[in-house]
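Every number here is computed from the coordinates shown, using simple stated rules; none is lab data. Quantities reported herein were computed from a predicted structural model and do not represent experimental measurements. Please note: Cβ atoms are built from the backbone with ideal geometry, for glycine as well, and neighbour counts cover all protein chains shown.
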Amino acid sequence: MNSFVYRLHSIKAIIKREARSSFFGLGLYIAATIACFVASFIFNSYINTVQGNNIMVMASPLNNPLFYAVIVAALYTAISSSTALSREKDKGTLEVLFYGPVDYASIILAKFLEDIISFLIVMLLVTLFFVYAAVTTNLGFSITYLYTVFLAIFLAASMSSFGLWLSALTTKIRTSILLFILIMGGFLGLQFLEEYILTLKPENLSLSMIYIMGVLSNILRIIKWASPFSYLTNGISAVALGSTSLYLENMLGSLAYTVLLLVLTVYTLKWKGVRKP
Amino acid sequence: MKRGRFILIVSILLAGLLLSSVVVFGAAPPKQRETVYSLNVWDGKDFASPFYPANINTIYVMADFQNVYSVKETLVYYWPISREYMADWDSLNKDIGDTLEVLKGDKVIGTYKKVDYVFYYPKGYWGGDTKLYTGDVARAKKKEYDKALDKYWKDVDAYYKAYNEYNKAVDEFYKKIQEGKPAGKIPQEPKQPQAPTFYVTDINKAYVFSLPAGIYTIRLKDKDGKIVPGTVKSLIAFSHRREGIGYNIIPESKWTYPETADDVTQIIYQYKEGVLYFQPFTEWEFNELQYNKLSNPQSAGRPDRWIWVHMQPASNVKLDIYTGGRLVTSVRERPYYVEQVPGSSLGYNIKLLDRKENPYGSADFTGFRFSVPPTGDYRLVAVSKDGKVIENSERYIRPITSGDAKNIFIASFGPLVIGLLIYIFRRVGR
C-alpha cells in the first residue's frame, strides 16, 4: 500500500472513532436542543406579531431563526474542534497516534471532517424541528432554507478550521476554549453592532456619533473578511436577493478561509509539536 | 466655603447653558456667498429640487431621464437645527455661466446651453404625473395655460355679470308673483366657470439633458470659455437594479394602517382568515445611498442597502391568485367606501361602491379584494393587459393557523429526547 492509502485509512479510522463518540454522546443532542430552543423564541415572536397585528409581511421568515440555530450548531462544532487537538495533546494520546501511520495533515483532516459530520447531524435534527414548526404554523418551508443550510456547512467548516488552528496553537483545553469564545464572541458582537448601526437613522444622531459610526463601519468592513459569521449573513442576503454570484462568492470565500486555516493548522502543529507539554 | 463653591459652579453651568441656547436658537447664522448647483431631478415619481452647496462634491441624478441643472450664486448658511446647509434665495439668486460641460474621464461628451423649460402638471400642482417640457413645446404649453387662465377669468367676469342679471331676474320673478301677475319660468342660476385643472409653471431657463448611467464630471464655463471656479463636481447618473410590482396591502381589520410588500421574497401572513385589499404599484429598486442623495444631497444613506420605490399605480392589471398551481380567483380593481357602524360603538364596514346604486358616492380607496381562507397557501401574481405575468409581481399569502408557540417550545426538546434514547439504548445494550 502506498502512503496515500495509509493516510486515507487512518483518516477513516479516526473519523469513525470520533463520530461514534459524538453520536453516542449527549453533547451533539444538547447543542441541537439549544439551537431549536433559541429558534422557538423567534417563532413565538412571529406568532405574537401576526396575532396582534392581524397581518405580517416578512421575507424568508425561517432564515432569522435558522441564522441563530446555525450559530449555535456551528459554535458547538467549533468548540469541539478547538478542544480536539489540545485535549489529545494534554492527555498525550496525540503523540501515541503519531507512532502509527498518521501524519499532521491526516489527523487535522480527520478531526475537521468529523466536526462537519457532527454539524450535519445537528442540522438534520434542527431541520426536522423547522419542518414541524413551519407546518404547524403555516409559515411555509421554502427552498431558500436548503440554500441557507448548504451555505451553513461552509460556515461550520470555517469555524471548525478556526477552532482547530486555535487548538493547535494552544496546549491547554481551557486556554483554547477561552480564546475561541473571546474571538468568536468578538466577531459575533461586531456583527450585531453592525446590524444595530444599520437600523439607526443618521439624521437623528449627533455629528460626533455620525463620525464614530463612519469609522466603525470602515473597521467592520475590514474585520468581516476574518469573521466566518459574515459569510453566512452575506450568503443569507444573497439567497434573499436570488443572487447566485453573491451566493457563490460567499461560499468560495468561506472555502478559501477554511483551506487557509487548515494549512495554517498543519504548520502550527508541526511548529508546536505533538508531545505532552 | 464649600457651599459657596458649589453655588459658583452651578451658576457657571447655568450661565453656560443659557448662553449656548442663545448661540443655537437666538443668533442669526452667518451667511456666505457661494456658487451652488440647483437642480430639478426626476425621482421616479416627481421632480425633486435639491441644491448642492460648495462643500458637496458629488451630484446624483437618475440616468436616462431629463433633469434640469442651474448654477447660481446665492447666500449659504448652516442651520444647526436640521444640521444642513440652506440657501437664502430671497437675498441672492443670480444665475451664472454660459455653457455646462459633461466629461467622461477627460473627454467632453456633452456641451449644453440654457433652454426654456416649464413643468406641466396635468392634474394640478398637487396631482402628480408632472411633465417637463423644453423649447417650443414648453412655450406652447405655457401659452395654452395662459390662454386657459385668460379664458377662465373672462368666464368669471361673464359669470358675475350673469349672476347679477340672475339676481335681478329672481327679484323680478318674486315681485310678479307677489303682485299676482304671470311670472313665467323661474330664472336659472348661471353655472360657475371651471378653473383650469392643469397648471404650467413660468418659463425659466436652465440646462436640460439626460445621461446614461455612469460617473461623469460636470463643470460650468463662462462666455469667455473659462471654467467658473467652484463648479467642477462629480456627477453620478444611476439607474435601477430591478423592476417589479409592489403592493400596498389594506387589511380589512385596520384599513387606515396599510402594510407594504415590495419584494418577491416577502410573504404576507394573515392571522387565520381575513380580507385583504391589494393596491399594486410599478416599482424600481435603487441603491439607498444614491436614491437618498438624489432628492437631498446632504442626507445620508447606505451604499450596501437597496430600496424599492413605488413609481406609479399599476394600471390595466388584474391579480391572479393560485393555490397548488390551480387558479383560485382572478381579481380586478374596484372602488370601496368605508361605512361607520351606527351608534356609539367603534367599528366600520368596507363596502363595494356600486355606481348604479350610488352614482354620486365617492370611494375611500380602490383595490383588489381577496378574502384569505383559513388554511392553505396562495400565490398572487399581477397579470398585464396582454395576459403576461409581470416580473417580480409574485407574492405568497399564508394564513397563520397557530394561536401560540407552546407546541414549538415542546418540540424543541425533541433532539434531547432522541439523544437520551440513543444514550440509554447503548448503555442497556452493553
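Values as computed for the structure displayed
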{"item": "Relative contact order, percent, chain B [alpha-carbon distance under 8 Å, six or more residues apart]", "result": "14"}
{"item": "Magnitude of the charge dipole, region B:29-239, Cβ model with Lys/Arg +1 and Asp/Glu -1, debye to 20", "result": "260"}
{"item": "Long-range HN-HN contacts of B:Phe365 with modeled amide H, under 5 Å", "result": "B:Tyr336"}
{"item": "Magnitude of the charge dipole, the protein assembly as shown, Cβ model with Lys/Arg +1 and Asp/Glu -1, debye to 20", "result": "1900"}
{"item": "Local net charge near B:Arg395, Cβ-Cβ under 10 Å (Lys/Arg +1, Asp/Glu -1)", "result": "-2"}
{"item": "For chain B, built as a Gaussian network whose Cα springs stay under 10 Å, the top-fluctuating residue of B:Ala405, B:Ala140, B:Ala54", "result": "B:Ala405"}
{"item": "Relative contact order %, chain A, counting alpha carbon pairs below 8 Å whose residues are six or more apart", "result": "27"}
{"item": "Residue of B:Gly387, B:Gly347, B:Gly244 that the Gaussian network model of chain B assigns the largest fluctuation, springs spanning Cα pairs under 10 Å", "result": "B:Gly347"}
{"item": "Between region B:41-81 and region A:20-80, the Cα center-to-center distance that results, in Å", "result": "47"}
{"item": "Charge dipole of region A:3-272 about the Cα centre (unit charges at C-beta), most positive-ward option of A:Val38, A:Tyr68, A:Phe119", "result": "A:Phe119"}
{"item": "Nonlocal amide H pairs with A:Val57, under 5 Å, H built at 1.01 Å", "result": "B:Tyr269"}
{"item": "Residue order, fewest to most beta carbons within 10 Å, for A:Leu232, B:Leu132", "result": "B:Leu132, A:Leu232"}
{"item": "GNM flexibility winner over chain A from A:Phe24, A:Phe180, A:Phe43 (Cα, springs under 10 Å)", "result": "A:Phe24"}
{"item": "Rough spin-label spacing in nm, given labels placed 7 Å along Cα→Cβ, for A:Ile183 and B:Ala195", "result": "7.2"}
{"item": "Additional length obtainable on full extension of the chain from B:Val389 to B:Asp304, 0.36 nm per residue less Cα span", "result": "27.6 nm"}
{"item": "Hits among lysines - C-alpha to C-alpha of A:Lys16 under 28 Å, sequence gap 8 or more where chains match", "result": "A:Lys89, A:Lys91, A:Lys111, A:Lys172, A:Lys270, A:Lys272, A:Lys276"}
{"item": "Highest-first arrangement of A:164-172, A:94-102, where packing means the average Cβ count within 10 Å", "result": "A:164-172, A:94-102"}
{"item": "A:Thr93-A:Thr175 pseudo-label distance in nm [points 7 Å out on the Cα-to-Cβ vector]", "result": "2.1"}
{"item": "Whole-Hz couplings from phi, Karplus 6.51/-1.76/1.60, listed for region B:123-137; x for Gly and Pro", "result": "10, x, 4, 9, x, x, 6, 5, 10, 10, 10, 10, x, 4, 5"}
{"item": "B:Asp404/B:Met311 FRET efficiency (R0 35 Å; Cβ-Cβ; nearest 0.05)", "result": "0.30"}
{"item": "Average beta-carbon neighbours from other chains, 10 Å sphere, peptide A:67-77", "result": "0"}
{"item": "Spin-label pair B:Leu103/A:Phe141, simplified geometry with 7 Å Cα→Cβ offset, distance in nm", "result": "6.1"}
{"item": "Shape parameters for region B:242-405, alpha-carbon atoms, Rg then Dmax in Å", "result": "17.9, 53"}
{"item": "Sequence of B:Arg379, B:Arg395 once ranked by neighbouring C-beta atoms within 10 Å, starting from the fewest", "result": "B:Arg379, B:Arg395"}
{"item": "Principal axis dimensions, chain B - Cα atoms, whole angstrom, descending", "result": "113, 84, 73"}
{"item": "Calculated SAXS-style log₁₀ I(q)/I(0) at q = 0.17 Å⁻¹ - region B:282-375, Debye, Cα scatterers", "result": "-0.93"}
{"item": "Violating pairs (Cα-Cα greater than 29 angstrom) within the set B:Lys161/B:Lys185; B:Lys151/B:Lys356; B:Lys151/B:Lys176; B:Lys147/B:Lys191; B:Lys94/B:Lys131", "result": "B:Lys151/B:Lys356; B:Lys151/B:Lys176"}
{"item": "Backbone HN-Hα couplings from phi across region B:384-399 [Karplus 6.51/-1.76/1.60, Hz, Gly and Pro as x]", "result": "7, 4, 8, x, 9, 6, 6, 4, 6, 9, 6, 9, 9, 10, 9, x"}
{"item": "Residues B:Lys123 and B:Lys205, FRET efficiency given R0 of 35 Å [Cβ-Cβ distance, rounded to 0.05]", "result": "0.85"}
{"item": "Within chain A, helix-based [θ] at 222 nm, where runs of 4 or more DSSP H residues each add -39,500 (n - 2.57), nearest 500", "result": "-29500 deg cm²/dmol"}
{"item": "Per-pair calculated FRET efficiency, R0 = 51 Å: A:Ser217 and A:Lys16 via Cβ, rounded to 0.05", "result": "0.60"}
